[in-house]
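The values are calculated or read from the model by the stated rules, or taken from the named source; none is laboratory data. Only a predicted model underlies this, so the values are computations on that prediction, with no experimental measurement involved. Cβ atoms come from the backbone with ideal geometry, glycine included; neighbour counts cover every protein chain shown.
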There are 2 protein chains.
Amino acid sequence: MRIGAFSRRTGLSADTLRYYERIGLVPRAGRDAGGRRDYGEDHLRWMEFLDVLKSTGMRIEEMRRYVALRADGPETVPDRLAMLRTHRERVAAERARLLEVETVLDAKIALFQSVTDGSASPNALTCASTTSGHKESRT
Amino acid sequence: MRIGAFSRRTGLSADTLRYYERIGLVPRAGRDAGGRRDYGEDHLRWMEFLDVLKSTGMRIEEMRRYVALRADGPETVPDRLAMLRTHRERVAAERARLLEVETVLDAKIALFQSVTDGSASPNALTCASTTSGHKESRT
DNA sequence: ATACCAGTTGGAGCGCGCTCCAAGTCAAAC
DNA sequence: GTTTGACTTGGAGCGCGCTCCAACTGGTAT
């Protein structure tokens, strides 16, 4: 599979794919007779996994490190395991934080809802939601 | 409260606070006799809420819009309510996604674990985890 | 043979969200 | 009244993660 087809399969632009190879985010693809990249199914699977890491906020530097370990062979599995465990915990922590944020948003939504219902006192909003609580109007 | 104290309270640099005011992410603070910003408790509460939105990926542009609505007074509460509801759903969706990712990571962790245990076949790793599955070694 | 187009390279540019800087102002401390 | 230092402004610069570009090459189609 050449870069155009691979780009279609992954949804990443050819430029981005070349960039990823340049910085070591994907193992260097083999080249055909004409020097063009030749991607295989293994690359496709790696890109999918990379997307998991990327979309959960892993930094490029850390992913590079993972790729480097991967290239060093099976004896680096314990290191990769440790990285994945660390990342898994980060993801779990972030998920817990999102849950907290949802309760904050829900509280605010309930407050606004009560205001639009007309079932709240006018200054129920002064708690971080309207600007003209104190002093002059601030434009 | 002047910008230095406010910076300490919020954990944001004075530069960032001025930048936020410039782009309309915080309502313009009042000025004292010498033209210096004077922040109050309402600003503090706003910064906390802003942090909630920011840390859950709301774009500056959208937060600006929210601030603008806020400055327009209580009649914009329905609009703000709609924005918060939309954002709340985004956060919930993201949280669901993180949960999925955790199961992917857990699967991979379990696989690696079984390899380090020695309880797996050598080619259990060829599924997106080692690079030398096909062809030549790719460096 | 010629045209075409997908690919190659290195490097410049971009959007975001800050972060830093230079030049100037003002209130308080000495 | 001079120094200090926290502040003001507008604007430049930066790190990240792409994204685009110019100049070139190599296989395929006519």
* Asked: without any contact (Cβ under 8 Å) to a residue 24 or more places away in the chain and in a helix (DSSP H, G or I), is that true of B:Gly4?
  -> yes
* Structure fact -> Per the filter on the range B:30-47, residues in contact (Cβ under 8 Å) with a residue 12 or more places away in the chain and not aliphatic (A, V, I, L, M) are B:Asp32, B:Arg36, B:Arg37, B:Asp38, B:Tyr39, B:Gly40, B:His43, B:Trp46
* Asked: Filtering the range A:6-22 down to residues that are touching a helix residue (DSSP H, G or I) at 6+ places or on another chain (Cβ under 7 Å) and more than 8 Å from DNA strand D (Cβ to nearest atom), which residue is nearest to A:Val91 (Cα to Cα)?
  -> A:Thr10
* Within the range B:39-59, can you find the residues that are more than 11 Å from DNA strand D (Cβ to nearest atom) and farther than 30 Å from A:Thr56 by Cβ? -> B:Gly40, B:Glu41, B:Asp42, B:His43, B:Leu44, B:Arg45
* To do: Can you give me the number of residues within the range B:25-38 that are away from chain A (no Cβ under 11 Å) and either more than 8 Å from DNA strand D (Cβ to nearest atom) or within 21 Å of B:Met58 (Cα to Cα) (or both)?
  => 3
* Just one of the numbered conditions (1) more than 10 Å from DNA strand C (Cβ to nearest atom); (2) surrounded by fewer than 17 Cβ atoms within 10 Å (Cβ to Cβ); (3) modelled with pLDDT of 90 or more is not true of A:Ala33; which one? -> (3)
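State which residue is farthest from the chain's Cα centre (by Cα) when the search covers only the range A:92-108 and only residues that are at the interface with chain B (Cβ under 8 Å from one of its Cβ atoms) and more than 13 Å from B:Glu102 (Cβ to Cβ).
A:Lys108
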* To do: Taking the options B:Leu105, B:Leu50, name whichever one is within 30 Å of B:Ser7 (Cβ to Cβ) and buried (at least 18 other Cβ atoms within 10 Å of the Cβ).
  => B:Leu50
* Tell me which of these B:Arg88 doesn't satisfy, since it passes every other one: (1) at pLDDT below 95; (2) touching a helix residue (DSSP H, G or I) at 6+ places or on another chain (Cβ under 7 Å). => (1)
* Structure fact -> Flagged in the range B:55-83 as closer than 15 Å to A:Leu99 by Cα and assigned to a helix (DSSP H, G or I), in numbering order, are B:Ser55
* To do: Give the range B:36-48 a look and list any residue that's within 14 Å of DNA strand C (Cβ to nearest atom) and either closer than 18 Å to B:Met83 by Cα or in contact with a helix residue (DSSP H, G or I) (Cβ under 8 Å, 6 or more places away or on another chain) (or both), or say none.
  => B:Arg36, B:Arg37, B:Met47
* **Of the criteria (1) more than 28 Å from A:Val91 (Cα to Cα); (2) in contact (Cβ under 8 Å) with a residue 12 or more places away in the chain, which one B:Pro78 fails** => (2)
* Asked: So how many residues does the range B:80-91 have that are more than 7 Å from chain A (Cβ to nearest Cβ) and surrounded by fewer than 16 Cβ atoms within 10 Å (Cβ to Cβ)?
  -> 4
